[in-house]
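Only one structure is covered here, and it is reproduced in the block below.
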Amino acid sequence: MKALVTGGCGFIGSHIAEELAKRGFDVTVLDDLSLGTPDNIKDLNVKFIKGDSEIVATLDEHFDVILHNGIPSSSPMYKRDPYLITKAIRGMISVLEYAKKRKAKVILASTSSIYNGNPVPWRENMEIKVTDLYTEARLYCERLCRLYAYLHGVESVALRYFSVFGEREEHKGGYANVITQMLWAALKGQEFVVYGDGTQTRDLIYVKDVAEANIKAIEFNDYTSDVKFDVFNVGSGVAYSFNDMAKLLKAEGVEVKLVYKENPIANYVYHTLADMSKSKQILKFSPRHKVEDVLPHLIEYYRKIIAK
């Protein structure tokens with residue numbers, strides 16, 4: 001199969017491209033390099049095109065599947081620039097127009113932020129509330145996927161990523177996962193600021209498990225209706241508090257100094273937790289990696305990055 005990975009030079013996208021290449025896919029990566037780097041794919045047997053998702057509809061090459069990760073990916077980005085919503089939608093339409101013309105399948109990188117305002121654990125059938133610009137952009141992308149499935153038969157799956165962590169986050173900077181930023185602070189001898197008392201929680205999911213979920217989504221065809229669109233959580237089903245994360249790092253010999261401050265963010269999300277029942281039963285996806293098992297390797301990886 002021929003696969004196009006938008007945002008494939010980024011943190012998550014590069015891991016997806018790597019896993020696809022390992023499994024024999026003919027992989028092309030499309031990235032505008034705003035948050036990614038060609039270094040993330042330099043050792044992979046993949047083709048690279050520089051550009052953003054809005055050019056997908058103009059590509060002449062045939063792809064069987066598009067794994068769409070090339071979307072502005074953090075709430076603070078949208079707070080600073082609300083017009084990113086337009087960019088996200090234009091990119092999504094470009095991907096779907098290509099898929100309509102070429103009969104390609106679409107795997108959308110969505111987000112657990114869509115559930116903000118709901119009690120945990122978060123389930124795929126929950127009401128989606130109005131919370132922020134980032135959430136609206138991803139929800140609209142999901143709705144466009146459903147619409148193209150309904151109107152044009154475009155097959156698509158939306159994966160709602162929870163708090164993804166792992167190698168290659170260094171280029172995300174302040175948009176990286178909280179446990180990764182804690183690790184960076186500890187290795188640099190810096191303090192890490194926590195809003196509140198540190199009891200807020202995140203459902204942490206290792207990036208290689210996210211790549212596996214994308215493979216499962218490509219294989220998935222057990223739709224429950226004639227409209228070939230479905231949504232699945234991609235989390236671990238385990239919540240870690242910020243204080244817990246610091247303790248896990250300390251157990252591996254890396255101590256981070258937490259500084260607690262009053263929370264200035266009005267719509268701050270205090271708890272995230274995935275209900276993984278649907279993903280396990282229907283998508284046949286279960287995460288394999290525990291945070292505790294991954295940390296030793298991750299610490300060594302970032303120790304070398306920081307040393308450079």
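The values are calculated or read from the model by the stated rules, or taken from the named source; none is laboratory data. Remember, it's a predicted structure, so these values are computed and weren't measured experimentally. All Cβ positions, even for glycine, are placed from backbone atoms using ideal geometry, and neighbour counts span all protein chains on display. Note: accessible area is taken over every heavy atom of the protein model, side chains too, but ligands, DNA and RNA are not part of it. Shrake-Rupley method; radii C 1.70, N 1.55, O 1.52, S 1.80 Å.
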Cα-centred dipole magnitude for the stretch 78-124, charges only on beta-carbon of K, R (+1) and D, E (-1), debye, nearest 20: 280
Crossing angle, helix 11-22 versus the chain [Cα axis fit, 0-90 degrees, rounded to tens]: 60
Let me know the volume per residue of the alpha-carbon convex hull for the stretch 51-145, in Å³. 97
In 10 Å bins starting at 0, how do the alpha-carbon pair distances of the stretch 155-308 split up by percent? 10, 37, 31, 16, 5, 0
Spatial separation of Cα centroids for the stretch 1-25 and the stretch 177-256, in angstrom: 20
Could you go through the stretch 244-254 in sequence order and give the Karplus-derived ³J(HN,Hα) for each residue, using 6.51 cos²θ - 1.76 cosθ + 1.60 with θ = phi - 60°, rounded to whole Hz, and x for Gly and Pro? 4, 4, 5, 5, 4, 5, 4, 5, 9, x, 10
Can you spot the aspartates and glutamates whose alpha carbon is less than 15 Å from K261's alpha carbon? Ignore those fewer than 8 places along the same chain. E191, D197
If a paramagnetic tag sat 7 Å from the Cα of Y260 along the Cα-Cβ line, which residues of the stretch 171-200 would have the backbone N under 12 Å from that point? 194-200
Around D60 (Cβ within 12 Å, Cβ-to-Cβ, excluding D60; K/R +1, D/E -1) the net charge comes to +1
For the stretch 185-199, in order, what is each residue's ³J(HN,Hα) by Karplus, 6.51 cos²θ - 1.76 cosθ + 1.60 with θ = phi - 60°, in whole Hz (x at glycine and Pro)? 4, 4, 5, 8, x, 9, 7, 10, 7, 10, 7, x, 9, x, 8
Sequence-distant or interchain residues sharing an amide H contact under 5 Å with H271, placed H: which? T201
Taking amide H atoms as placed 1.01 Å from N in the peptide plane, list the residues 5 or more away in sequence, or in a different chain, whose amide H sits under 5 Å from that of I49. V29, L30, D31
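In Å, the Kirkwood hydrodynamic radius of the stretch 235-282 over pairs of distinct alpha carbons?
For the stretch 235-282, the Kirkwood estimate is 13.5 Å.
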Straight distance only, please: which lysines reach the Cα of K47 with their own Cα at less than 16 Å, same-chain residues fewer than 8 apart left out? K2, K22
Quick one: which residues, 5+ away or cross-chain, put their amide H under 5 Å from the amide H of V164? H built at 1.01 Å from N. I205
Per residue, accessible area of the stretch 38-167 with a 1.4 Å probe, heavy atoms of protein chains only, in Å², comes to 45
Would you indicate which of [x] 0.97; [y] 1.24; [z] 0.95 is the value of Rg/Rh (Cα atoms, Kirkwood Rh) derived from the coordinates of this structure? [z]
Give the lysines whose C-alpha is closer than 25 Å to that of K278, dropping any in the same chain fewer than 8 places away, or say none. K105, K129, K208, K216, K228, K290
To the nearest 500 deg cm²/dmol, what mean residue ellipticity at 222 nm is calculated for the chain from DSSP H runs of n ≥ 4 alone, each contributing -39,500 (n - 2.57), summed and divided by the residues? -11000 deg cm²/dmol
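When the chain is fully extended, how far beyond the present Cα-Cα distance does I55 get from K22, taking 0.36 nm per residue of separation?
This chain segment gains 9.2 nm when fully extended.
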For the stretch 30-93, what does the equivalent ellipsoid look like in terms of its semi-axes, each the square root of 5 times an eigenvalue of the Cα gyration tensor, given largest first in whole Å? 23, 16, 9
Applying the Karplus parametrisation 6.51 cos²θ - 1.76 cosθ + 1.60 with θ = phi - 60° to the phi angles of the stretch 109-117, what ³J(HN,Hα) value in whole Hz is obtained for each residue in order, glycine and proline being reported as x? 7, 9, 8, 5, 4, 4, 7, 3, x
Test of understanding: express the Cα radius of gyration of the stretch 130-193 as a ratio to 2.2 N^0.38 Å, with N the residue count. 1.63
The chain, relative contact order in percent, only Cα pairs under 8 angstrom and at least six apart counted: 18
Compute a Gaussian network model of the chain, connecting alpha carbons closer than 10 Å, and tell me which residue from P121, P82, P264 fluctuates the most. P264
Quick one: pull the percent of accessible area on the chain belonging to carbon and sulfur, 1.4 Å probe, ligands and nucleic acids left out. 49
